[in-house]
Amino acid sequence: MTRELSKIAESAEPGLRRNEFREKILTFLAGHTGEWIFIPASMLVEAALASKALDTEILMTLGLVPKVHFAEGKSYPTSPMEEALSNFLIRKRSSNAGIVAIALKRVCILALRIFSVLKSADRINFAKVLRRSPLVEALAKAHYHFCQVALNARKKTGVSELFIDLTQLAIESRYTKLSSRNAVTPQKYGCVIGKFDHRSLMLNPEILVRKLQSPGSNDVEDCRFAIEMALQFRATCHTVLAAVEPSFSFPQVEWADDALIRIGDLKEKPTQGADLDLRGRMIFICHPAANRNQSSEKDSDAQPPNSSKRILVLDPTDIFVVKQASRLEANRATILCTISLRSIIAFASDDEWLHIAIRNMEDVGSLVKNGNLALRFETV
């Protein structure tokens, strides 16, 4: 069967016709007919790559993966599939529509499929294959391109103020809390790679129903799109480079590393009303602003000075405003308000008063009003 497929694919014998369907598929994958056609074509090819009925040698014959001399570990010229996907990545795009994002993620999935096939094959110098692959180079260039687009957008008026929020939102949207087999950290933040594969997209409404209009483009949307794609290609490039290790196996989940956890502020945070242990923490005694004017509101924070005492707790990434649980439990407090340090826009002192401006913060009783927190400290 492999011999006959070789004859058909290479047209080695007179009288054999060129495979027009294969050429059409490669045209679709190169992006000449747009993202809408690329996606179903990529899903069809991925189904072939994932099929257990086709071994590595047949996939090489069909041009879905690079041809390799098994005995010598030498690579033939790159596969038509790699060239088509590389051409798709280098195409210029003026739209940041959702369908474009799905198409670019599909390229990453196909790349991982191709390299996974080669990684699992015997007697192949996988590191040499990666060094000669134009697809690896195209993935790296795409990562660099979207990073540069995001950084350039950061300098624009109207985007610079939102850049941190856009980055955090992109990270939070991509990485969710998942269970891991690590006994030390059973809960980690990760992205299930399979949610972008051909089986998951079969019923995706954005693919089944073509929208007549794409969302309008603006600097903020362009920046958000660039950050999202930079994260996607960053993850793909890291996975491909890590595959050089002999013991590496392509994962089902991409886990967020320490850098993403810090930037995206991915961690469990104590919620309002939860208990907080004050031992070993940096604390300051204070009073809320409601006590400044002796507000007549019926609120627990508008009571006489002795009962309105609060505690400001400083953490490396957050600050908490808490109240002591009881006089008998000096080290236990109840959380009234949690504020991420990244959400603080500005602060100013006025004698014993500290005013803090916070973005995207809902009102919290009389503590936070319209994004403003004011506290009076007993010592200055």
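Quick look at the values:
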quantity: Neighbourhood net charge (13 Å Cβ-Cβ; Lys/Arg +1, Asp/Glu -1) for Phe250; calculated: -1
quantity: Rounded to whole Hz, the Karplus (6.51, -1.76, 1.60) HN-Hα couplings of the stretch 143-151, x for glycine and proline; calculated: 4, 4, 4, 5, 4, 5, 4, 5, 5
quantity: All aspartates and glutamates inside 12 Å of Lys128 as judged from Cα atoms, apart from same-chain residues fewer than 8 positions distant; calculated: Glu72
quantity: Cross-link pairs beyond the 27 Å C-alpha cut-off, checked among Lys67/Lys92; Lys52/Lys105; Lys323/Lys369; Lys52/Lys119; Lys119/Lys195; Lys52/Lys92; calculated: Lys67/Lys92; Lys52/Lys92
quantity: Portion, in percent, of the accessible area of the stretch 216-294 that falls on carbon or sulfur, probe 1.4 Å; calculated: 53 percent
quantity: Local electrostatic count, Ile263, Cβ distance below 11 Å [Lys/Arg +1, Asp/Glu -1]; calculated: -2
quantity: Local electrostatic count at His198 - Lys and Arg +1, Asp and Glu -1, tallied over other residues with Cβ under 14 Å; calculated: +3
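The values are calculated or read from the model by the stated rules, or taken from the named source; none is laboratory data. Please read all numbers here as calculations on a predicted model, not as lab measurements. Glycine also receives a Cβ, built like all others from the backbone with ideal geometry; neighbour counts cover every protein chain displayed. The area values use the complete protein model at the heavy-atom level, side chains included, leaving out ligands, DNA and RNA. Shrake-Rupley method; radii C 1.70, N 1.55, O 1.52, S 1.80 Å.
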